[in-house]
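Below is one structure; the comments refer to it alone.
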Amino acid sequence: MIRNMLRLFRPALVLSAAACSNAGSDLGPRALPTNAITTRAYLDRDGSHTFTAADTLFPGARVSIRPAGGGKAVQTVTTSITGTARFNNVPLGEYSVTVDQASLGDSIGVAAIDSSGVRVMIADTNTNVAIRLSFPEISIRQARLLPAGKRAFIRGVILAGVQSFRDTTSHIVDSSGQIRLTRVSLRGGLTGNTPGDSVSVLGVASSRAGQPTVDLAVVSRFGQRPAPIPLPLSSGTAATASAGTLDAGLVIITGALISDTSTVAPDFRVVGSDGSGPITVILDGNINFIRSNFRPGRTMNVRGVLVPDGAGGWSLKPRDVNDVVVF
């Protein structure tokens, strides 16, 4: 009988033992899974649209995560000296990442957030988000209209390399127009840039000799295209840069009869005309032209970039000795 009674109570004993083994399991707070979103903000200094050695991490940006459908920020964190803002204990769900423009300053803006829509769907995860900050990227046409002192990026193709001219200028073109770069420096250890270089330029809107320029221009090269083809012009049209519309442009004049020469140290000036009006050609002191070849009565074909003279006219500057043929 005792054996039968034990057999009857055995399930109850097992249940009681199991209950004892879990005793206290519901006492106190449970450990919650940690879900994190980590953002890193950087300033795209070379306009490459990717993080490179030229770029810098950006502290002081106020970054928020918000419900994907809109609404108030769930959390707001300021980026550290490493550009990092980490959001801890993020509830499962979908979020957007935003940056407070006021924390970036007047000129810098958010160029891209690689995962502006973030889904936190699995516990104990960390989602990484890159935030690319940049100065505005505009066309050359827009750059020519930019108020003085504004900083911006332009992209285009080099018409004349900075090494060609002693005044540290370069010329660039895109589909909207062309412009001079002044006080140029080059990134990446380059010693020069050549016609056809595909570049981005960070600089400040300015002017020289009455025409817009991009000053303190920092040039980053990303590739090489075929050398740009100069636009054929008459000497008279070149002298006005076609009423100013071709300022900084690359042109070619053929059959210009030399009428005068002069030295304006360290440069050499040659005046010629194809019959439509005179144009002054400036042979830069940086370039080893044989100046004795440029005698009145001879004829020249000359390529170069148009540079304003500050008095309402334009001169033509060849970029190297191969830009001029005298016969």
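The values are calculated or read from the model by the stated rules, or taken from the named source; none is laboratory data. This one's a predicted model, so the numbers in the text were calculated from it and none came from an experiment. Cβ sites come from the backbone with ideal geometry, for glycine too, and all protein chains shown count toward neighbours. These accessible areas exclude ligands, DNA and RNA; they are computed on the full protein's heavy atoms, side chains included. Shrake-Rupley method; radii C 1.70, N 1.55, O 1.52, S 1.80 Å.
Once divided by 2.2 N^0.38 Å, the Cα radius of gyration of the chain becomes 1.69. Heavy atoms of the protein chains alone define the surface here; on that basis the stretch 37-134 has 50 Å² accessible area per residue at 1.4 Å probe size. Projected label points at THR52 and SER198, each 7 Å from Cα along the beta carbon direction, are separated by 1.3 nanometres. Springs between Cα atoms under 10 Å define the GNM used for the chain, and in it the highest mean-square fluctuation of THR254, THR79, THR125 occurs at THR125. Highest GNM mean-square fluctuation among VAL74, VAL162, VAL218, for the chain modelled with Cα contacts below 10 Å: VAL74. The modelled label-to-label distance for the pair PHE327/ALA36, using points 7 Å beyond Cα in the direction of Cβ, is 7.3 nm. Between ASP197, ASP215, ASP106, the GNM of the chain built on Cα springs shorter than 10 angstrom shows ASP106 fluctuating the most. Relative to the longest principal axis of the Cα atoms of the chain, the long axis of helix 2-21 lies at roughly 30 degrees. Accessible area per residue was computed with a 1.4 Å probe on protein heavy atoms; LEU231 scores about 80 Å². Within the stretch 219-327, the proportion of C-alpha pairs whose separation exceeds 24 Å stands at 20%. Given R0 = 35 Å, the distance between the Cβ atoms of ASP167 and PHE222 translates into a calculated FRET efficiency of 0.90.
Accessible surface comparison of MET121, MET300, probe 1.4 Å, protein chains only, largest first: the order is MET121, MET300. Taking 0.36 nm per residue of separation and subtracting the current Cα-Cα distance, fully stretching the chain between ALA243 and THR191 would add 15.3 nm. The largest accessible area among HIS49, HIS171 belongs to the first residue in HIS49, HIS171, and the rest follow in falling order (1.4 Å probe, all chains). Here the gap between MET121 and SER207, fully extended at 0.36 nm per residue and compared with their Cα-Cα distance, gives a gain of 25.6 nm.
Along the axis of the charge dipole computed for the stretch 80-151 (Cβ charges of +1 for Lys and Arg, -1 for Asp and Glu, origin at the Cα centre), the listed residues LEU92, ALA143, ILE122 are led at the positive end by ALA143. Ranked from largest to smallest solvent-accessible area, with a 1.4 Å probe on the protein heavy atoms, LYS317, LYS72, LYS150 come out as LYS72, LYS150, LYS317.
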